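Taking it in order: structure first as structure tokens, then the write-up.
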Amino acid sequence: MTKQQFDPIPLRAQFPALQLEVGGETAVYLDGPGGTQVPQSVIDAMSGYLRHGGSNSGGPFLTSHYTDDVTNAARAAMMDFYNARRPDEIVFGQNMTSLNFSLSRALARTWQPGDEIIVTRLDHDANISPWLLAAQDSGVVVRWLDFDPTDCTLRLDTLPDLLNEKTRLLAITYASNAVGSISDVKRAAELAHAAGALVLVDSVHFAPHGLIDVQAINCDFLISSSYKYFGPHTGILYGKYELLDNLMAYKVRPAPAKPAGKWETGTQSFESLTGVTAAVDYLAAIGGEAGSRRERLVQAMQHIKTYEMSLSQRFLVGATQVSGLRVYGITDVERLAERTPTFAVSLEGMSAEAVATRLGEQGIFVWHGHYYAVAVMERLGVLEQGGLVRIGFVHYNTMAEVDRVITALAGLR
Ligand SMILES: Cc1ncc(COP(=O)(O)O)c(C=O)c1O
């Protein structure tokens, strides 16, 4: 499939929510970075689990076996999605934030006062606050990796200055949920590992836009949330097996002693796990019918990336025609591979909230404020003024929708 061949229209038909109308016009969902819609196959899988008759895991009877099958299938699906080495490197949890808090508690137990960790200003607060709190609890020094405010890309060139033999962890985002910049996490992991630090990657924003390969990145941990890529509200942690095995997880006594169960607190949302599998299968199907699921995911994410770059190009060209519109982050159309199609913008003379509200009245759904990327907004100096408007595209958005939001923005002035 080439760029021209990618057609979002048949895919859109699989998403009931995309048929929603506001004021007689089809709604425009540009709130993907806050959560995407789900295809019918995900809805069917989840309701199918509930209809079938489920049970808790580990019982010697039919419905419990069914639940175990569902859980194993979801682990296998996410193993393919992340390219993990084995299914028990996949841990399910309520969401990314909860998984990160639990991991931060476990890692902090291995730190000594005076050790150091690194967080970045480009991250969502779910990959900052858990580490700030863990550092505070254990007397660990926090260092900040900055980003360049002119194009909102991480200053990886300064990472070596922050690393030393005391550094225990680098917590880094794969892509910013505010300004869309993609980080070179592979390079960051190489540098951090050379200093003896562990690396945790937040791939929540990146996941719907590009291929994740934990083995190629060689990160120690990576977390995402299925609801950002066409699935239900469930978080998924990858950890290298030996780390998941050796670290002490906070768990109740009877819970499994081995990964992945030892990290999965309480009873999982099994209906959501069926949805996770269906979401991965939905994406894999975009990659065609030939090959393993991983091979089809590789193809699919390439098609999606190429198509989304064309959406970004159209948006950026259109944005130059709207007077008073400022786009933060990478705006150079030669550098579209370095960003997701997520744009933080401001419109002169109007608050972010007013812009989002007026667009919302026209059935165009966008976020405003900081979207928990508080450090990004602080660094850009826009937190006090109420943050920025976020316009986020995913592969089910169309060129016509890009044009519609550009026209609507122009009309607000
Ligand atoms: C980049 C990023 N990281 C982390 C999170 C938090 O994810 P969750 O809602 O699964 O806790 C989000 C949610 O918006 C996000 O965009």
Legend entry - Order of HIS233, HIS205 - criterion: other Cβ atoms within 10 Å of each residue's Cβ, fewest first: HIS233, HIS205
Inset, instruction - Take the alpha carbon gyration tensor of segment 44-282, find the square roots of its eigenvalues, order them as a ≥ b ≥ c, and report rounded if a/c is under 1.5; if not, report prolate when a/b exceeds b/c, else oblate. - result: prolate
Inset, instruction - Report the full-extension gain for the segment ARG155 to HIS65: residue separation times 0.36 nm, less the Cα-Cα distance, to one decimal in nm. - result: 27.5 nm
Legend entry - Net charge of neighbours whose Cβ lies under 13 Å from the Cβ of GLN362, counting Lys and Arg as +1 and Asp and Glu as -1: -2
Legend entry - Net charge dipole size for segment 13-114 [Lys, Arg +1 and Asp, Glu -1 on Cβ; Debye, nearest 20]: 520 debye
Inset, instruction - Quick one: grab the alpha carbon gyration tensor of segment 178-274, order the square roots of its eigenvalues as a ≥ b ≥ c, and give me rounded if a/c is under 1.5, else prolate or oblate depending on whether a/b is larger than b/c. - result: oblate
Legend entry - In segment 45-80, chymotrypsin sites (Phe, Trp or Tyr not before Pro) in a DSSP loop with at most 14 other beta-carbon atoms within 10 Å: PHE61
Inset, instruction - Please list the non-local residues whose amide H lies under 5 Å from the amide H of GLU116, H modeled 1.01 Å from N, same-chain partners needing a gap of 5 or more. - result: VAL141, THR167, ARG168
Legend entry - Reachable lysines from LYS262, criterion Cα separation under 21 angstrom, eight or more residues apart if same chain: LYS240, LYS251
Inset, instruction - Report the relative contact order of the chain, percent, no decimals, based on alpha-carbon pairs under 8 angstrom and at least 6 residues apart. - result: 23 percent
Legend entry - Charge context of LEU156, other residues only, Cβ under 15 angstrom, K/R +1, D/E -1: -4
Inset, instruction - Name the long-range amide H neighbours of PHE147: under 5 Å, sequence gap of 5 or more, or other chain; modelled H, no Pro or chain starts. - result: ARG121, ARG155
Legend entry - Gaussian network model of the chain, springs between alpha carbon atoms under 10 Å - residue of LYS258, LYS186, LYS240 with greatest fluctuation: LYS258
Legend entry - Most mobile listed residue (SER129, SER102, SER292) in the chain, GNM with C-alpha springs under 10 Å: SER292
Inset, instruction - With springs only between Cα atoms under 10 Å apart, run a GNM on the chain and tell me which of ALA354, ALA197, ALA73 wobbles the most. - result: ALA354
Legend entry - C-alpha center-to-center spacing [segment 327-346, segment 90-161] in angstrom: 25 Å
Inset, instruction - Could you tell me whether the chain comes out rounded, prolate or oblate from its Cα gyration tensor? Rule is a ≥ b ≥ c as square roots of the eigenvalues, rounded for a/c under 1.5, then prolate if a/b exceeds b/c, otherwise oblate. - result: oblate
Legend entry - Local electrostatic count, LEU50, Cβ distance below 13 Å [Lys/Arg +1, Asp/Glu -1]: -1
Legend entry - Computed [θ] at 222 nm, deg cm²/dmol, the chain (DSSP H ≥ 4; -39,500 (n - 2.57); rounded to nearest 500): -12000 deg cm²/dmol
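Rule-based calculations on the coordinates, nothing more; no lab input. Just so it is clear, the structure is predicted and the values come from calculations on it, not from any experiment. So basically every Cβ, Gly included, is an ideal-geometry build from the backbone, and we count neighbours across all protein chains shown.
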